[in-house]
1. List the trypsin sites (Lys or Arg not before Pro) within the stretch 224-316 that fall in a DSSP loop (any state other than H, G, I, E or B) and whose Cβ has at most 11 other Cβ atoms within 10 Å.
2. Give me the distance between the Cα centres of the stretch 242-282 and the stretch 1-77, rounded to whole Å.
3. Nearest 5 is fine: what % of DSSP beta bridges in the chain come out antiparallel, could you say?
4. Under a point-charge model restricted to the Cβ atoms of Lys and Arg (+1) and Asp and Glu (-1), what is the dipole moment magnitude of the stretch 71-154 relative to its Cα centre, in debye to the nearest 20?
5. List the relative contact order of the chain as a percent without decimals, with contacts defined as Cα pairs under 8 Å and 6+ residues apart.
6. Roughly to the nearest percent, how much of the accessible area of the stretch 106-152 is carbon and sulfur, given a 1.4 Å probe?
7. Tell me, rounded to the nearest percent, the portion of alpha carbon pairs in the chain spaced more than 40 Å apart.
8. Just to confirm, what accessible area per residue do you get for the chain at 1.4 Å probe, in whole Å²?
Amino acid sequence: MSVLLKGITWSHSRGYTSITAVSQRFCELNPGVSIEWEKRSLQEFADAPIENLAKAYDLLIIDHPWAGFAAATGILLPLNEYLPAAYLADQETNSVGKSHLSYNFNGFQSALAIDAATPVAVYRPDYFADQGAALPTDFEDVVELAKTGCVAFAGIPLNLLMDFYMYCATTTSSFFEDEDNIVDRAVGIEVLENMRRLACLCRPEIFGWDPIQVHEALAADSGLYYCPYAYGYTNYSRRGYCDHLLKAGDLVNYKGNMLKSVLGGTGLAVSSLCENRDMAVKFAQYAASPLIQTTLYTENGGQPGHRKAWLDEENNRMTLDFFKDTLKTLDNSYLRPRYNGYLYFQDHAGDYVRDYVMNGGNAGNVLDQLNALCRKSREGKSI
């Protein structure tokens, strides 16, 4: 009997070549099984509702803020009911940061953390070596470096919103805990003002860039050599991937503490509408296993979610030590809210942050707009 599984992932090498390589080997080991992957852009990955995707695909690469929605609707399989307890315990023990638990909402395990990421510092090591320049160690160092015109970061709404989260979560432990005010007013205003202060020293083009475009600009002859925070991509630290290899490292300090970036990454989920769910779950278990994550997945451009892959010497050798040099930042990262309804806030709040950072205005008004959005996102939702 033949089995066809259809999957949807995202279009960068990190999200596509890795999972297709793993699928190829899985199908060789399971004759009669075929897995076809389609891909979508990074923006579509962030925007596409999983309830629509789950109707068309068996396997889904998803973002963890969907966990609350998945638990409430049952659109994805609860993998905690399909996978061995020992396997899930290993996934949790060997999680990179909170990657594994980010897909668990009230006990409902909507996906396996197949990919781990958070914003990290990225730079051209050849430039700093040639200049004999020291890397920034805190926010004010970044501001000074930006005055030379060589600094860039992702300025599209979603990423600026995540930067706002990062600065707030670094400054206060009371972030997103009050349903009426997401952050202390003085803290929020200062964060927005500092974000704008740095952005004013960068090229206006950054407001149209996502993290991939930032990496591409740094890896080309663009005159840009340092990014203080961008969701990391090991691909740009691998021989042959780009003209100028990039080095990644932990984030700088802000007000005496290392910046607490916002956890990203992706998870591998199975649609509850899948007709061959046993085989789909078997593939998910295979793809997220420590052996495959450490070898096939990483070797083919992936950025694994299993900790053993991050500690592996060969994986670090072929990525300029990307994994070991950023693991502290991953482990320190902030986990976004995931309540059913949160994505309404995330989908709209970045527009207000970007408008202020790009054009200026009244930071207090921006906080009022964010608070109103947050209240609306929580209306009638389970938290």
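The values are calculated or read from the model by the stated rules, or taken from the named source; none is laboratory data. Since the model is a prediction, treat every value here as computed from it, not as a measurement. Note that each Cβ is placed from the backbone with ideal geometry, even for glycine, and that neighbours are counted across all protein chains shown. We work out accessible area using only protein heavy atoms, side chains counted, and drop any ligands, DNA or RNA first. Shrake-Rupley method; radii C 1.70, N 1.55, O 1.52, S 1.80 Å.
1. Qualifying residues, ordered by number: ARG239.
2. About 15 Å separates the Cα centre of the stretch 242-282 from the one of the stretch 1-77.
3. 60
4. For the stretch 71-154, the charge dipole is close to 220 debye.
5. Working: 745 pairs, mean separation 105.0, N = 383.
Taking the mean separation of contacting Cα pairs over the length of the chain, I get 27 percent.
6. Carbon plus sulfur share of accessible area: 48 percent.
7. Counting every Cα pair in the chain, those more than 40 Å apart make up 13 percent.
8. 39
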